[in-house]
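Data first, discussion second: the structure below is written as structure tokens.
The values are calculated or read from the model by the stated rules, or taken from the named source; none is laboratory data. The model shown is predicted, which means the values in this text are computed figures rather than measured ones. For neighbour counting, all protein chains shown are included, and Cβ atoms are generated from backbone atoms with ideal geometry for every residue, glycine included. The protein model used for the area step is the full one, side chains on, heavy atoms only, and it has no ligands, DNA or RNA in it. Shrake-Rupley method; radii C 1.70, N 1.55, O 1.52, S 1.80 Å.
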Amino acid sequence: MSVLSLKPRHEDVDALMREIGRRARAAARRMALVPGPTKDAALREAASSLRDASAAILAANGADLDEARAKGLPAASLDRLALNPARIEAIAEALESIAGLPDPLGRVLATYERPNGLTIERVATPLGVVGVIFESRPNVTADAGALCLKAGNAAILRAGSESHRSATAIAQAMVEGLTRHGLPADAIQLVPTKDRAAVGAMLTGLDGAIDVIVPRGGKSLVARVQDEARVPVFAHLEGICHVFVHAGADLAMARSIVRNSKMRRTGICGAAETLLVDRPCAGTHLGPLVTDLLEAGCAVRGDAATQAVDPRVSPATEEDWRTEYLDAIISVRVVDGLEAAVDHIETYGSHHTESILTEDRAAAERFMAEVDSAIVIHNASTQFADGGEFGFGAEIGIATGRMHARGPVGVEQLTTFKYRVRGTGQIRP
Ligand SMILES: NC(=O)C1=CN([C@@H]2O[C@H](COP(=O)(O)OP(=O)(O)OC[C@H]3O[C@@H](n4cnc5c(N)ncnc54)[C@H](OP(=O)(O)O)[C@@H]3O)[C@@H](O)[C@H]2O)C=CC1
Ligand SMILES: N[C@@H](CCC(=O)OP(=O)(O)O)C(=O)O
């Protein structure tokens, strides 16, 4: 492969990417036929190869971190980029757990017989070639590559530029392990250039070589994908997630869920960014909710009603309702009822994850029916937006678009299906 020989051999990025596409397509045809146990053994081998390559991966990561520090990357981004022996071990364990998942291919999704005697089966098959564009978190290289592979696909991985050396070292180690079990070296190819022209090329589909693009990132990537994508997209985009405290909410439960939704991990896409409080309960609930957040170290930006409960609340602007802080900051607004909450979410949200807190089951059902997000939750934290928490074993991320893969995307969502029709000589009248 690929990672080993991926020094740009071509003068221009487009030609380089088309070559990667051709190789991925050829690898995908072979991958589709690899038996499940072989893929699992190869993934376990890739895990052991990663452990063996720890020193090289840490050295590459050290160089990435030096460059990122020199560029002045914020502490949170440096933390996302940083590897250590424990994080490498966690990456290897993730590969082993993906190996342990049931094979998603060949599942019979439906089977029936027609009156003419034809039997029809719908069976799960690979998507083909999946192109993943993601942020500078080195573990995503391994997770995304392994999930694509487990589902019988070939993957073209474009890691965030700050993690280029780390991602290259991880992909190289993985591929060494995979090829020892006879998997095609081009089944996982890491884009060998930081040039963003490679992202543009991927969005064109590389002459039909890419079947699906998974963009995982924030505003700048969203804008580019919306303008340029010419292939199906499983959008894994920003999470402007809301918690709506309905008039029927239990205060103690609301306090614990709001705090967790915002503060458990502020930097992930499933963290709450906006709290909406129903006016009839604002008198009793708003004060404690805001105080809890402030005392937990969260900056609160609010509308006039929220500012009135505590002088530490600063005014929220129109921009705040559209902002994914990924930080200990929250915007808070008092709304007039469930309909106004849904309107706010539909106006400003990103169709990721929204939660309603209420003891009123009818209100909860209405919220869950009317809010058009990938994940709608009743009486639980938005931070459950996670493939592991959904029981999928692992995830590429949370799909925020409307394709069939919506919400946490695990191995099953990285498949499609075909119909197998068996006859005994039937012809159509
Ligand atoms: N829904 C989900 O599952 C997830 C969503 N996210 C979202 O990702 C964001 C945080 O990630 P962040 O580190 O900021 O990642 P970015 O959005 O900055 O970058 C992600 C990837 O997109 C590329 N990219 C960004 N803008 C462009 C562009 N204009 N043209 C070409 N390539 C581009 C980056 O390349 P380059 O390195 O060159 O900048 C990188 O490879 C948050 O919004 C978060 O919600 C994160 C994880 C999961
Ligand atoms: N769904 C995952 C987080 C997704 C993720 O990895 O996000 P990020 O930390 O922004 O790259 C979780 O809840 O842990």
Can you list the helices (runs of 4 or more DSSP H) lying wholly within region 287-406 that have 2 or more residues being open to solvent by less than 10 Å² (accessible area, probe 1.4 Å) and in contact with a strand residue (DSSP E or B) (Cβ under 9 Å, 6 or more places away or on another chain)? 287-295, 337-348, 361-370
Output the residues belonging to region 143-168 that are among the small types (Gly, Ala, Ser), near ligand 1 (Cβ under 10 Å from one of its atoms) and farther than 23 Å from GLY393 by Cα. GLY160, SER161, SER163
Filter region 348-373 for residues that are polar (S, T, N, Q) and within 20 Å of the chain's Cα centre (by Cα) and give the result. SER350, THR353, SER355, SER373
So is VAL108 among the aliphatic types (A, V, I, L, M) and surrounded by fewer than 22 Cβ atoms within 10 Å (Cβ to Cβ) or not? yes
Which is at pLDDT below 95 and not in a loop (DSSP other than H, G, I, E, B), of ALA76, ALA92? ALA76
Considering region 170-195 alone, what residues qualify as being under 18 Å from ARG137 (Cβ atoms) and among the basic types (Lys, Arg)? LYS194
Among what's in region 319-361 and is charged (D, E, K, R) and within 16 Å of ligand 2 (Cβ to nearest atom), pick the residue that is nearest to ALA252 (Cα to Cα). GLU354
Only one of (1) within 16 Å of ligand 1 (Cβ to nearest atom); (2) open to solvent by less than 10 Å² (accessible area, probe 1.4 Å); (3) not polar (S, T, N, Q) is not met by ASP195, so which one is it? (2)
Going by the structure shown, is ARG87 closer than 15 Å to ARG165 by Cβ, at pLDDT 95 or above and either of a type in the set (Lys, Arg) or crowded, with 18+ Cβ neighbours inside 10 Å (or both)? no
Residues that are surrounded by fewer than 20 Cβ atoms within 10 Å (Cβ to Cβ), in the same structural domain as GLY145 (by TED's automatic domain parsing) and of a type in the set (S, T, N, Q): does region 60-75 have at least one? no
Residue list for region 251-284, filter: over 19 Å from THR382 (Cα atoms) and touching a residue at least 12 places away in the same chain (Cβ under 8 Å): ARG279, PRO280, CYS281, ALA282, THR284
Residue that is in a loop (DSSP other than H, G, I, E, B) and outside the structural domain of ALA159 (by TED's automatic domain parsing), where the choices are ALA209, ALA247, ALA252: ALA247
Hey, any hits in region 134-145 for a residue that's outside any helix (DSSP H, G or I), within 20 Å of VAL214 (Cβ to Cβ) and open to solvent by less than 30 Å² (accessible area, probe 1.4 Å)? yes
